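Asks: This structure is in structure tokens; I'll ask about it shortly.
The values are calculated or read from the model by the stated rules, or taken from the named source; none is laboratory data. Since the structure is predicted, the reported quantities are computational estimates derived from the model, not experimental observations. With ideal geometry, Cβ positions are generated from the backbone for all residues, glycine too; neighbour counts draw on all protein chains shown.
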Ligand SMILES: *Cc1c(COP(=O)(O)O)cnc(C)c1O
């Protein structure tokens, strides 16, 4: 058999276990779909689609709509198939052989994983005791490594808290290269790094339609940043990588922004209710600015609790093998009924 690259041969894939259960709270999806109006408008767009023609290669309409949403030009928006593909494009253009990316654990594993796939060296720093950014550590790691790309995640997955704008600005001042702020959960947070963009040309912000916009099935994400950076990303993207359906789905979604914010508010209310219910159980909890909660069962091992929940048809994410997260699980905030089912199951498993 032909052999893949040595480093690829040794790589583990990245995936959440697929288990058939009634209550799926493992990948931070929205518990509710987009509104019926979105579905109807999208169906109309599909009905009039010129399927025999390549899509708009520049995704003009979608990028203009996203630019308007954030008060920037279309030339400051780069769209791709999920923000994971944005991350890949960033690393193809700014990482690669001989270059270094820095992450601060515990954080979103795909930043380091995609870096390695693109041949980028990965240097790992650590967050502080309460998972806040530790600026001494950032200085030590990002500056010493001469980081070409620094990844931040705010709110941070899987720990939950958002970094402050002061902290992010400090990182920019000590890190020499590109600073990527992954805001997959940005609409849940009290502030956004988008506010830093006008003065900080080395900062780019990632957003996705997978979580708050309830469109995980569509695979659409984007970056906001300086036009020169967007132009570099376009150079490494495949021609016509963004299909016409996806462009239409995103364009139509933006018209339903108010519905999105209502869903976010409903999820926040549910998160606070769930936090209260978990407070009565034998688990340690971390505060969250997102649609998930990190918790650590006090009475039994994380693997046993995870399996006990699966046996009761509830799936959460086992993050206990990640650095600094021994014994921890992560639950996505679901519908009120799903959250009740989760709490009832967890009560049985941890009693
Ligand atoms: C879910 C998530 C993403 C989303 O990736 P998509 O490819 O857009 O679905 C990106 N970053 C973080 C931190 C996430 O949690």
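Asks: Go over the candidates 230, 203 one by one and state the one that is in contact (Cβ under 8 Å) with a residue 60 or more places away in the chain, away from the ligand (no atom under 15 Å from the Cβ) and touching a strand residue (DSSP E or B) at 6+ places or on another chain (Cβ under 9 Å). So that I can check it myself, show each step before the final result.
Replies: Details: 203 fails: in contact (Cβ under 8 Å) with a residue 60 or more places away in the chain.
That would be 230, the only listed residue that is in contact (Cβ under 8 Å) with a residue 60 or more places away in the chain, away from the ligand (no atom under 15 Å from the Cβ) and touching a strand residue (DSSP E or B) at 6+ places or on another chain (Cβ under 9 Å).
Asks: Would you please name the residue that is surrounded by the fewest Cβ atoms within 10 Å (Cβ to Cβ), looking only at residues in region 141-157 that are in contact (Cβ under 8 Å) with a residue 40 or more places away in the chain and away from the ligand (no atom under 16 Å from the Cβ)? Outline the logic, then answer.
Replies: We begin by selecting, within region 141-157, every residue in contact (Cβ under 8 Å) with a residue 40 or more places away in the chain; these are 142, 145-153, 155-157.
Restricting the remaining residues to those that are away from the ligand (no atom under 16 Å from the Cβ) gives 142, 145-148.
Numbers: 142: 24, 145: 20, 146: 13, 147: 26, 148: 21.
Filtering region 141-157 for residues that are in contact (Cβ under 8 Å) with a residue 40 or more places away in the chain and away from the ligand (no atom under 16 Å from the Cβ), the one surrounded by the fewest Cβ atoms within 10 Å (Cβ to Cβ) comes out as 146.
Asks: Scan region 184-199 for residues that are in a loop (DSSP other than H, G, I, E, B) and surrounded by fewer than 18 Cβ atoms within 10 Å (Cβ to Cβ) and report the count. Steps first, please.
Replies: Kept after step one, since they are in a loop (DSSP other than H, G, I, E, B), are these residues of region 184-199: 184-185, 189-192.
This time we only want the ones that are surrounded by fewer than 18 Cβ atoms within 10 Å (Cβ to Cβ), so: 189-191.
Matching residues across region 184-199 total 3.
Asks: Could I ask something else about it? Do we find that residue 67 is out of contact with any helix residue (DSSP H, G or I) (no Cβ under 6 Å at 6 or more places or on another chain), outside the structural domain of residue 324 (by TED's automatic domain parsing) and either away from the ligand (no atom under 16 Å from the Cβ) or farther than 24 Å from residue 217 by Cα (or both) in this structure? Quick ask: steps written out before the conclusion?
Replies: Working: out of contact with any helix residue (DSSP H, G or I) (no Cβ under 6 Å at 6 or more places or on another chain): no; outside the structural domain of residue 324 (by TED's automatic domain parsing): yes; either away from the ligand (no atom under 16 Å from the Cβ) or farther than 24 Å from residue 217 by Cα (or both): yes.
Here the answer is no, as residue 67 does not meet what is asked.
Asks: So which residues in region 80-99 are away from the ligand (no atom under 16 Å from the Cβ) and either crowded, with 19+ Cβ neighbours inside 10 Å or on the phi > 0 side of the Ramachandran plot (or both)? It would help to see each step written out before you state the result.
Replies: Narrowing region 80-99 to residues away from the ligand (no atom under 16 Å from the Cβ): 93-99.
If the condition is that a residue be away from the ligand (no atom under 16 Å from the Cβ) and either crowded, with 19+ Cβ neighbours inside 10 Å or on the phi > 0 side of the Ramachandran plot (or both), then 93, 94, 95, 96, 98 are the ones that fit.
Asks: Take the conditions under 14 Å from the mean Cα position of the chain (by Cα) and either on the phi < 0 side of the Ramachandran plot or in the same structural domain as residue 244 (by TED's automatic domain parsing) (or both) and apply them to residue 107. Does it pass? Steps first, answer last, please.
Replies: Details: under 14 Å from the mean Cα position of the chain (by Cα): yes; either on the phi < 0 side of the Ramachandran plot or in the same structural domain as residue 244 (by TED's automatic domain parsing) (or both): yes.
Judged against the criteria, residue 107 is a match.
Asks: Being in a helix (DSSP H, G or I), within 16 Å of the ligand (Cβ to nearest atom) and buried (at least 18 other Cβ atoms within 10 Å of the Cβ) is true for just one of 42, 62. Which residue is that? First the steps, then the outcome.
Replies: Working: 42 fails: within 16 Å of the ligand (Cβ to nearest atom).
Testing whether each residue is in a helix (DSSP H, G or I), within 16 Å of the ligand (Cβ to nearest atom) and buried (at least 18 other Cβ atoms within 10 Å of the Cβ) leaves just 62.
Asks: Can you find a residue in region 70-88 that is free of Cβ contacts under 8 Å to residues at least 60 places away in the same chain and farther than 30 Å from residue 293 by Cβ? Spell out the reasoning first.
Replies: From region 70-88, those free of Cβ contacts under 8 Å to residues at least 60 places away in the same chain are 71, 74, 88; that's our starting set.
Okay, now just the ones that are also farther than 30 Å from residue 293 by Cβ, so 71, 74.
Yes: region 70-88 contains one or more residues that are free of Cβ contacts under 8 Å to residues at least 60 places away in the same chain and farther than 30 Å from residue 293 by Cβ.
Residues checked against (1) assigned by TED's automatic domain parsing to the domain that holds residue 184; (2) out of contact with any strand residue (DSSP E or B) (no Cβ under 7 Å at 6 or more places or on another chain); (3) in a loop (DSSP other than H, G, I, E, B):
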site: 92; (1), (2), (3): yes, yes, no
site: 97; (1), (2), (3): yes, yes, yes
site: 102; (1), (2), (3): yes, no, no
site: 115; (1), (2), (3): yes, no, no
site: 129; (1), (2), (3): yes, yes, yes
site: 138; (1), (2), (3): yes, no, no
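Asks: Please pick out the residue among 102, 138 that is crowded, with 23+ Cβ neighbours inside 10 Å, closer than 27 Å to residue 320 by Cβ, more than 13 Å from the ligand (Cβ to nearest atom) and at pLDDT below 95.
Replies: Numbers: 102 fails: at pLDDT below 95.
Result: 138 is the single residue among 102, 138 that is crowded, with 23+ Cβ neighbours inside 10 Å, closer than 27 Å to residue 320 by Cβ, more than 13 Å from the ligand (Cβ to nearest atom) and at pLDDT below 95.
Asks: Which condition number in (1) over 28 Å from residue 159 (Cβ atoms); (2) assigned to a helix (DSSP H, G or I) is the one that residue 52 fails?
Replies: Here residue 52 meets the rest and fails (2).
So that you can scan it fast, the table gives a plain yes or no per residue for (1) over 17 Å from residue 80 (Cα atoms); (2) assigned by TED's automatic domain parsing to the domain that holds residue 317; (3) modelled with pLDDT of 95 or more; (4) part of a loop (DSSP other than H, G, I, E, B):
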position: 213; (1), (2), (3), (4): no, no, yes, yes
position: 229; (1), (2), (3), (4): no, no, yes, no
position: 235; (1), (2), (3), (4): no, no, yes, no
position: 240; (1), (2), (3), (4): no, no, yes, yes
position: 245; (1), (2), (3), (4): no, no, yes, no
position: 250; (1), (2), (3), (4): no, no, yes, no
position: 270; (1), (2), (3), (4): yes, yes, yes, no
position: 276; (1), (2), (3), (4): yes, yes, yes, no
position: 295; (1), (2), (3), (4): yes, yes, yes, no
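Asks: Test residue 248 against the criterion of being surrounded by 15 or more Cβ atoms within 10 Å (Cβ to Cβ) and either under 28 Å from residue 91 (Cα atoms) or within 16 Å of the ligand (Cβ to nearest atom) (or both), and give yes or no. It would help to see each step written out before you state the result.
Replies: Values: surrounded by 15 or more Cβ atoms within 10 Å (Cβ to Cβ): yes; either under 28 Å from residue 91 (Cα atoms) or within 16 Å of the ligand (Cβ to nearest atom) (or both): yes.
So residue 248 fits the description; yes.
Asks: A further question follows. In the set 223, 218, which member is in contact with a helix residue (DSSP H, G or I) (Cβ under 6 Å, 6 or more places away or on another chain), touching a residue at least 40 places away in the same chain (Cβ under 8 Å) and within 13 Å of the ligand (Cβ to nearest atom)? First the steps, then the outcome.
Replies: Details: 218 fails: touching a residue at least 40 places away in the same chain (Cβ under 8 Å).
After applying the criteria, what remains is 223.
Asks: Here is a further query. Taking into account only those residues within region 319-339 that are without any contact (Cβ under 8 Å) to a residue 40 or more places away in the chain and not in a loop (DSSP other than H, G, I, E, B), which is surrounded by the fewest Cβ atoms within 10 Å (Cβ to Cβ)? Steps first, please.
Replies: Of region 319-339, the ones without any contact (Cβ under 8 Å) to a residue 40 or more places away in the chain are 320-321, 326-327, 329, 337.
If we keep only those that are not in a loop (DSSP other than H, G, I, E, B) as well, we get 329, 337.
On the way: 329: 24, 337: 10.
Ranking the candidates gives 337 first.
Asks: Then there's this: Looking at region 9-21, is at least one residue over 24 Å from the mean Cα position of the chain (by Cα), farther than 25 Å from residue 228 by Cβ and not in a loop (DSSP other than H, G, I, E, B)? Walk me through it before giving the result.
Replies: To start, the set of residues in region 9-21 that are over 24 Å from the mean Cα position of the chain (by Cα) comprises 9-10.
Subset that is farther than 25 Å from residue 228 by Cβ: 9-10.
Adding the requirement that they be not in a loop (DSSP other than H, G, I, E, B) leaves 9.
Taking every residue of region 9-21 in turn, at least one turns out to be over 24 Å from the mean Cα position of the chain (by Cα), farther than 25 Å from residue 228 by Cβ and not in a loop (DSSP other than H, G, I, E, B).
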